[in-house]
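One structure below.
Readers should treat all values here as calculations from the given coordinates under stated rules, not as data from a laboratory. All values derive from a computational prediction rather than experimental measurement. Cβ placement follows ideal geometry from the backbone for every residue including glycine, while neighbour counts extend to all protein chains displayed.
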Amino acid sequence: MAKLKVGVLISGRGSNMAALIEAAKAADYPAEIAVVVSNVAGVPGLKTAQDAGVATAAISHKGFPDRESFDRAVSAELEKHGVGLVALAGFMRIQSPWFPAHWKDRIINIHPSLLPAFPGLHVQQQAIDAGARISGCTVHFVTADLDAGPIIAQAAVPVLPADEGRGARAAGRRRRHARRAHPASRAPPVSDGGPLVRRRPPFTQRRKSRSRRPARGRHPALLARPLVGYKNPT
């Protein structure tokens, strides 16, 4: 069976992209990284991809009159390489509604929080400021609404008292790398035009088995204050 071709969009060092490239080296990995596209020329992520033998392209958004025209140019580059799934890996551009509509159910993003909590930017600091004791990452489909697409997978990580931005980011990055490799590698290609990955409910809305529920107030991941969308286990 032909492997699913993945196109990765980046804007910087591409640490999540590097995790995808590494995962794709496994013989049983059913996807391959076909191309890496950056909106910023000369970023470290492009060299990382080139060193791994992956095709790259730099398309500056500054050379286009509006977001949609830039998005169409990026899309043309992806399609030139036969891409079937787009992964946003630190792509720091707000896309026009045209792009997620064109790639509907074929574009995913990774966000460093347990959505729907803490969308947007400066997520780790948002979690610390809110007194959260768990954070994590979410892989989700991209829609026209910011960080609001259907959830594919989530992973939680505790926020420790010593975490002040850098430590929380490093812990979150390790989890994101694991989740980044998972959805693209386990997504079974379909021929009927349906979604590539089965949607899952938010981490904070899933029911846990009674045998695995921690006692109230004893679990280290409980919140000091309620996290948006989170219900303490009972």
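Quick look at the values:
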{"item": "Cut-off under 5 Å, modelled amide H: who pairs with VAL159 long-range", "result": "ILE134, SER135"}
{"item": "Summed side-chain charge close to ILE59 - residues other than ILE59 whose Cβ falls under 15 Å, Lys, Arg +1, Asp, Glu -1", "result": "0"}
{"item": "Rel. contact order, % - alpha carbon contacts under 8 angstrom, at least six apart, the stretch 1-103", "result": "36"}
{"item": "For GLY149, distant residues with modelled amide H under 5 Å away", "result": "THR143"}
{"item": "Listed peptides 144-156, 82-94, 105-117, 56-68 by packing density, highest first (mean Cβ within 10 Å)", "result": "105-117, 82-94, 144-156, 56-68"}
